[in-house]
Amino acid sequence: QVCRGLRTPRLPVWLCSVSGRHGVLFGTNSLLLSDWKMERVFQLYFYNGQREQATPARLTIDTHSHPWEEDPCEDSSSPGKRRSSLEMAIRTKWAGATVSWNGTDPFF
């Protein structure tokens, strides 16, 4: 029997397999589960347990970003324009969202 807390988590938690590596994407705001208005700009954390990651990466997700705010001169295939696998996984839930790594180098 699965306990109620596992069926209905109190905080948003996703187990991820990105590029063959497993990790946990989670939030600390319980309102993200029940109030759609909280999905405008919010924080998520990612931890994969690898030796090189001592603390969870703090990501800021903006679901109302606009494509015209991006630099139009930058080629979509340039390294600065490519999205990490984790960002693309996040976009399966929030299509078109921008992900800020808040100073951390994207490691996926």
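Of everything in region 28-45 that's open to solvent by less than 30 Å² (accessible area, probe 1.4 Å) and at pLDDT 95 or above, which residue is farthest from Ile90 (Cα to Cα)? The qualifying residue farthest from Ile90 (Cα to Cα) is Phe42.
Taken over region 50-59, the criterion of being open to solvent by less than 50 Å² (accessible area, probe 1.4 Å) and either at pLDDT below 90 or farther than 16 Å from Ala97 by Cα (or both) is satisfied by Gln53, Ala57. Checked against the criterion of being assigned to a strand (DSSP E or B), open to solvent by less than 50 Å² (accessible area, probe 1.4 Å) and in contact with a strand residue (DSSP E or B) (Cβ under 7 Å, 6 or more places away or on another chain), region 5-19 contains one or more residues that satisfy it.
Sub-8 Å Cβ pairs linking a first residue in region 77-98 that is part of a strand (DSSP E or B) to a second residue that is open to solvent by less than 30 Å² (accessible area, probe 1.4 Å) and modelled with pLDDT under 90, at least 6 apart or interchain, are Thr98/Ser65, ordered by first then second residue.
Please specify each residue of region 32-65 satisfying the condition of being small (Gly, Ala, Ser) and part of a loop (DSSP other than H, G, I, E, B).
Of region 32-65, the ones small (Gly, Ala, Ser) are 34, 49, 54, 57, 65.
Scanning region 32-65 gives Ser34, Gly49, Ala54, Ser65.
The values are calculated or read from the model by the stated rules, or taken from the named source; none is laboratory data. Keep in mind that what you see is a predicted model, and the values were worked out from it rather than measured. Heads up, the Cβs are rebuilt from the backbone with ideal geometry, glycines too, and the neighbour counts pull from every protein chain shown. Ligands, DNA and RNA are excluded from the accessible area calculation, which covers all protein heavy atoms including side chains. Shrake-Rupley method; radii C 1.70, N 1.55, O 1.52, S 1.80 Å.
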